[in-house]
Each structure stands twice: as structure tokens, then as C-alpha cells.
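Visitor: The structure's right below; bear with me while I get my questions together.
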């Protein structure tokens, strides 16, 4: 499997994943043109995409989904509440594929499983995507780490995990108090320390790559996020740490099959 974070942050989110036979997107929080350009930057085309899976209905995750679906004839997979809450923004879709949170969804040779997370939306989810040999876990926009989240993400070959904010920067930054409280809440976003503790719990012999995602441009820095994560992966020195950017796609990352370190 290969993947690229096309962009991650409050101004837009989208992730490209591919197996030997299938390519999908998770979220489409940029314009159709922007997604096309970012795919071009990693050597891929909109015509490669077989499906679009949505995590929740916030604009930075679905703003381009409707036009992308209609223009490129891409089916959209999401749970019922997300499709309902995002209906006005999504508009008519080429194909509407509803699932219940927790379901397994087969998309060609990819198995996609959703799991519930904690965010201030109708029914937000993370995903684990597997080709039967390796798996990629995707979880951003959650205010807390749950036992279910840990259970679903454990054993993944790669993780894309939210490292949204540094608590001191948030406290002393420009956000008004109500917005700070929303970000810090159990239905907001993960801070560096909680995300690092989650990563430490998930680290193990199968995990090859961890991508730190959805960094706040106001309340975090790549250096602070990386420092928090580095201690979590220290015991498995071969685990690569990457940081997703807001303004450009991460180069394609390849996941090796059946890697297990003793």
C-alpha cells in the first residue's frame, strides 16, 4: 500500500491511499481543482480514484466532495448522520453509499472499517484501511482517545494521527476563551501530549510509519509536535515520524508487507 496526505489542517483535509488495484480518498476538504493539482504532484490523477470516504461533515473535510463526486463519477461513502448533516454542502452525489459506524466496507481489494471518535459533529469516524497484508489507520478531529480508538488502531502498519495543538501555545495565543475551550474539550482536538500518549500505547513491532496530522498553524509547530512524538517511538527506533503539511501533499509513502520487528 501507498498513501499521501494531500493536505491536513483547519484549511482543508484530504488523504490519498492506494493498493495494487484500488485508489481512494479519505475526505475532500479542498476544491476539486486543488485536489487534482495535489494528486498531480504525487504522480496520480483524479481518474485513478474509485471512492471517497468521509469522516464527518465539517467544511474542511467535505467542501470539495460534492463536485468531485459529480465531475469524476466517484461514489461517496459515509455514515447516515454525516450524509444528512452535510447534505446542503454536498448536494447531489454521483452515488451515495451509506454505512453504519463500525461496519466493514469492501471497495475492490481494500477493506475499510470505520470507528467512532469524539468531535462536535453528527457521527464522526476514523478509518482503518487494509489490503489484507498491511493496514493504515486514520484518526484526526477527536477530542479524546477512547478504548475503542486504541483497539481499532492497534496493529496498523501506518498511523495518521492528530497532533493538533500545544497546550501552552493555545492558552497564551490569540484564540478567545470559548474557542480555546472548544478546542480543549472532549469533542475538540487532541493536544500533543495526549496524541503522544496514544502513539506510545499503539507503538509496536508492526508500526512502520506515524504521520503527525492536523497541526494547528496558530497553536502548534512541527518541532513541538515532533518532540512530543519522538519519546513515544523511542523504543522502536525504526518507526519513521512524518509531519503532514497544510499547503502541499506529502510525497507518496510506501508500506511494506508483513513487516514485524522483534
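Visitor: If we restrict to alpha carbons, what Rg and Dmax does region 2-248 come to, in Å?
Guide: 16.8, 49
Visitor: Let me ask you something else. How big is region 64-179 in terms of Cα radius of gyration and Dmax, in angstroms?
Guide: For region 64-179, the Cα-based Rg and Dmax read 16.4, 48 Å.
Visitor: Taking R0 as 41 Å, what's the FRET efficiency between residue 227 and residue 87 from their Cβ-Cβ distance, rounded to 0.05? It would help to have the intermediate numbers written out before the result.
Guide: Working: r = 42 Å, r/R0 = 1.02.
For residue 227 and residue 87, the calculated efficiency is 0.50.
Visitor: Just need the relative contact order of the chain here, percent rounded to a whole number, with Cα pairs under 8 Å and 6+ apart.
Guide: 19 percent
Visitor: Moving to a separate point now. Multiply the residue separation of residue 177 and residue 236 by 0.36 nm, subtract the distance between their alpha-carbon atoms, and state the gained length in nm to one decimal.
Guide: My answer for the length gained is 17.4 nm.
Visitor: Give the value in nm², to one decimal: projected area of the alpha carbon convex hull of region 110-262, averaged over all directions.
Guide: 9.2 nm²
Visitor: Tell me, 57, 162 in order of fewest to most beta-carbon neighbours within 10 Å?
Guide: Working: 57 23, 162 29.
Least crowded to most crowded, the residues run 57, 162.
Visitor: Modelling each spin label as a point 7 Å along the Cα-to-Cβ direction, I'd like the residue 122/residue 67 distance in nm, to one decimal.
Guide: 2.2 nm
Visitor: What would the Debye formula give as log10 I(q)/I(0) at q = 0.08, 0.17 Å⁻¹ for the alpha-carbon point model of region 1-146, no solvent?
Guide: So the normalised log intensities are -0.18, -0.88.
Visitor: Taking only DSSP H segments of four or more residues, each worth -39500 (n - 2.57), what value at 222 nm results for the chain once the sum is divided by all its residues, to the nearest 500 deg cm²/dmol?
Guide: Only helices count here, giving -7500 deg cm²/dmol.
Visitor: Do me a favour and compute the ellipsoid semi-axes for region 135-179 from its Cα gyration tensor, root of five times each eigenvalue, largest one first, whole Å.
Guide: Sorted largest first and rounded, they come to 28, 11, 8 Å.
Visitor: Taking 25 Å as R0, compute the FRET efficiency from the Cβ-Cβ separation of residue 94 and residue 59 and round it to 0.05.
Guide: Calculated value: 0.80.
Where a number appears in this text, it was derived from the coordinates with a stated rule and is not lab data. The model shown is predicted, which means the values in this text are computed figures rather than measured ones. So basically every Cβ, Gly included, is an ideal-geometry build from the backbone, and we count neighbours across all protein chains shown.
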